[in-house]
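Engineer: Supplied in structure tokens, the structure appears directly below.
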Amino acid sequence: MALPININDLLIGKPVEWERLEFKAGWNPEAVLHTLCAFANDINNLGGGYILIGVAESNGRPVLPPAGIDPEQIDAIQKELLNLGFSAIAPYYHPIAVPVEIEGRHVLVLWALGGPTRPYKAKTSLGKDSRDYAYYVRKGSSTIRAKGADEAELMSLAATVPHDDRVNQQARVESFSRELMQDYLQQVGSDLARQAPNLSLLELGRQMGVIGGPDEAPFPLNVGLMMFNPEPWRFFPAMQIDIVWFPKEGPGGNKFSEKIFKGPIPRMTRDALDYIKRNLITETVTKHHGRAEATRVENFPYDAIEEAVVNAVYHRGYDTREPIEVRIERNELFVISYPGPDRSVRLEQLRAGRARPRRYRNRRIGEFLKELEFTEGRATGIPKILEAMEKNGSPPAEFEFDEDHSYFMVRLPIHPAALEVAASAAGEATSPAGPESRPESRPESEAEWRFRPEWRAEWGPESIHHRIMAAIAHTPLGRSEIAQSLGHKSVSGAAKQAIADLMEVGLVEYTLPEKPNSRLQKYRGTDNRTGVQSRKGGA
């Protein structure tokens, strides 16, 4: 068995936050039992955690190379873990145990997911006559016995499992896409990626922690369907991102543009952000008298939009029949999601960038998004939005939710310089910029001019077709190079189909047409501009 994440990420590079990670130099069954109980209780809905047996720690950091454990101990430890799961923790609970080798030393990794039947309690001692049980939780990097307010809060979570971590009995294991699962494992650098082609969907889903239920009646978890089903909206209505753009008149006008993005969470999020970046973000250049350097600002800083959209994807309620909505009006952009933040969040703290939610709504979705590097999952999104707006010279972002926490809205005001350019282009009266500065709209590049959807109706910038066209706009690329430009480690079936589509309509051609199967074969854009508006000579 292998872990669905890269083991090195638990030690170096992008380590899991310490609240979800524990190092043990050797096998200490009582200490491990209490930490397993704490991870199973998952009081902050962070997705459980990991225990690495055979790795010592110093000031919270792993000591490498690891001390390791005797390989002959590993089987005995796993048998003892099985017994502890039945006899020393209630209700029954068992982690996933994975032996790994790190720098030539043997280490046992325990992956302890948040339990479905919390709260859990464990024996306070493994002494022969011990009968006492207690609840345990994680506080920072420590496992402590739950008392007072912590115990009361844990009791309030009794038998409640976040929606994304629940079994979905309307689906079957076959609802998963093996291709999507393998793409994810490759993107995060998991050792499981090498084994995945030889595993059944059930075995693969079990190892990735997206299948629940007994062996005789396994069912997908909701998070698995959201991540690895090509049509998750069949199970979660309104699981989509709506982008609505009001060009001039605003919401009261008769003209607006609407784009709807659906699909697995990673694809839906990437496609929506790519559409926004390519179509709705503009750069204004201000030239200064007597100074060579010009000032460049975006109408809306992309980094702020990315944080706001990913935050909405992470924290929205997937049992709520309301989509995420991105509204772009003349002088502001809104990102709206339902319901609002956890009750522990206060609006005044949020506006000051100091909000610290006590628990997360979608613990498993957050775990997958963190592995894909969409989010850090440590309440850093709001400060990053504020920072991006300030860095761009934009007015500060605004945040809003009602007393019932029924919705959450992020408002990003447009940069004044971009608003001035837009007003000038529309022929509206504006205050003169003065002799010291002159704003200009950024000219589009050749690739943007040729492939943007306003001129090519067949495929918009949210599509894989557009991304491939942009990738080969100036340099012919092979299939593997195209995959890398899309952020993939291998060529997916969708990419192969998109290349075929583009070749069929004459927008892409071989560099070696007489040798279609050559290992040196590459793809390039053609001069076929049918249906493409020419910048040089009208339509």
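Engineer: For the range 113-150, which trypsin sites (Lys or Arg not before Pro) are in a loop by DSSP, counting at most 13 other Cβ atoms within 10 Å?
Structural biologist: Listed in order of number, the matching sites are LYS128, ARG131, LYS147.
Engineer: Still on this model: Please give the net charge around ARG145, taking every other residue with its beta carbon less than 15 angstrom from that of ARG145, where Lys and Arg add +1 and Asp and Glu add -1.
Structural biologist: 0
Engineer: If you average 1/r over every pair of different alpha-carbon atoms in the range 126-182 and take one over that average, what Kirkwood value in Å do you get?
Structural biologist: 15.5 Å
Engineer: Could you pull out the pairs from LYS79/LYS121; LYS287/LYS489; LYS139/LYS370 whose alpha carbons sit more than 30 Å apart here?
Structural biologist: Working: LYS79/LYS121 20 Å; LYS287/LYS489 42 Å; LYS139/LYS370 20 Å.
With Cα atoms farther than 30 Å apart: LYS287/LYS489.
Engineer: Taking amide H positions as placed in the peptide plane 1.01 Å from N, state which residues far from VAL63 in sequence (5 or more) or on other chains have amide H under 5 Å from it.
Structural biologist: Long-range HN contacts for VAL63: ALA56, GLU57, SER58.
Engineer: Something else about it: Could you pull the Rg and Dmax for the range 162-236, using just the Cα atoms, both in Å?
Structural biologist: So, for the range 162-236, Rg and Dmax equal 11.7, 32 Å respectively.
Engineer: A further question on this structure: Relative to the compact globular guide of 2.2 N^0.38 Å, what is the alpha carbon radius of gyration of the range 15-114, as a ratio?
Structural biologist: 1.02
Engineer: HN-Hα J couplings of the range 189-203 from phi, Karplus 6.51/-1.76/1.60, θ = phi - 60°, integer Hz, Gly and Pro as x?
Structural biologist: Along the range 189-203, the couplings run x, 6, 5, 5, 4, 6, 8, 3, x, 9, 9, 6, 4, 5, 5 Hz.
Engineer: So, one more: Quick one: net charge of PRO91's neighbours, Cβ under 15 Å, K/R +1, D/E -1?
Structural biologist: Working: positive: ARG118, LYS121, LYS123; negative: ASP42.
Here the count lands on +2.
Engineer: Still on this structure: With a sphere of radius 9 Å drawn around the Cβ of ALA388, what net charge do the other residues whose Cβ falls strictly inside it have (Lys, Arg +1; Asp, Glu -1)?
Structural biologist: That works out to -3.
A short reminder: the numbers here are calculations on the coordinates, not readings from a lab. Computed from a prediction, not measured in an experiment: that's the story for all the values here. Cβ coordinates were reconstructed from backbone atoms using ideal geometry, including for glycine residues, and neighbour counts include every protein chain displayed.
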